[in-house]
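Worksheet for the structure shown next.
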């Protein structure tokens, strides 16, 4: 009984906060649009009992999902989100790995301080941090003022409302999610392995590629998934830092819900987005399971 109760707690959590909301969204995605509150006409009427259930399956259609395939906006938004998420993950990895490596190689008494500096941005509201980047990247912002003052540029650069600003905002926001798992993997690494590799004739660079990088593979994989998965559905950063040419599915989803008031189509977009995210989530869970089995 104790084991059952222990296992039941996370499953109840998933049912309450994932499965039930997903079923509600799926139900709305199979409804028809209507100018009312809520702005849709449900096809499934549970109050009608068995007859309502039979009529629901008899009239079941996926017209909202079919509509997504007829409009170029949606599949382009999905592809653009995947592309931005992929490139952002690669950039975050290239920036985060040296930081995590330097933290792991720092003196033990300095590591807690460096770790606190990485976590420090979370003490400030996410929205405030994004708004701060608007002030930094604008034509009259701090970045352009600094570049003009140093003479590097003669006229302000247009960075805000571009994809470049979106990449900057995403990398800055999700960088701790890349640094922390990599640092955790590097901090546990046995330094004697590097000494043994150098004694066997490896240079420091060869020892890094042959020993350090493979041993930090689990941290790299975890960091990439922790960045890639939430970036696909990111809405705030492309809305505030990106321009009209920035197309991401989270932005489209918000516009369908609150601007167009088309809840059935918006729910269909959300369902497909969740199905896309299931693949990296499953891969991440399998990687975590293999890591636990290897450590066990």
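Alpha carbon centre of segment 184-256 versus segment 72-144: separation in Å?
The two parts, judged by their Cα centres, are 11 Å apart.
Going highest first, how would you order 120-126, 209-215 by mean Cβ packing within 10 Å?
Values: 120-126: 10.1, 209-215: 14.7.
Answer by packing, highest mean first, reads 209-215, 120-126.
Two decimals is fine: what is log10 I(q)/I(0) at q = 0.19 Å⁻¹ for segment 171-275, from a Debye sum with one equal scatterer on every Cα and no solvent?
Normalising to I(0) and taking log10 leaves -0.94.
For segment 117-251, what's the radius of gyration and Dmax over Cα atoms, in angstrom?
19.7, 57
Could you work out the relative contact order of segment 71-261? I mean the mean sequence separation of Cα pairs under 8 Å and 6+ apart, divided by the number of residues, in percent. All intermediate terms of the calculation are to be shown ahead of the outcome.
Details: 204 pairs, mean separation 64.8, N = 191.
Averaging sequence separation for qualifying contacts and normalising by length gives 34 percent for segment 71-261.
Once you wrap a convex hull around the alpha carbon atoms of segment 156-233, what is its projected area averaged over all directions, in nm²? Working shown, then result.
Values: hull surface 28.6 nm².
So the mean shadow area of the Cα hull is 7.2 nm².
Please state the shape class of the chain: rounded when a/c is under 1.5, otherwise prolate if a/b exceeds b/c and oblate if not, all from the C-alpha gyration tensor. Working shown, then result.
Details: a/c = 2.57, a/b = 1.40, b/c = 1.83.
In terms of gyration-tensor shape, oblate.
Rounded to the nearest 500 deg cm²/dmol, what is the calculated helix-only ellipticity per residue at 222 nm for the chain, with -39500 (n - 2.57) per DSSP H run of length n ≥ 4?
On the way: 15 runs with 203 residues, N = 296.
Mean residue ellipticity, 222 nm, calculated: -22000 deg cm²/dmol.
Quick one: order 202, 224 by neighbouring beta-carbon count within 10 Å, fewest to most.
Values: 202 16, 224 23.
Fewest to most other Cβ atoms nearby, the residues stand as 202, 224.
If each residue's Cβ is checked for other Cβ atoms within 10 Å, how do 251, 217 rank with the fewest at the top?
On the way: 251 21, 217 13.
Lowest to highest Cβ neighbour count: 217, 251.
Bins of 10 Å, beginning at zero and ending with the bin holding the largest distance: percent of Cα pairs per bin for segment 212-261, please.
Result returned by the calculation: 23, 36, 20, 16, 5, 0.
No value in this document is a laboratory result; all are computed from the given coordinates. Computed from a predicted structure; not experimentally measured. Backbone-built Cβ (ideal geometry, glycine too); neighbour counts: all protein chains shown.
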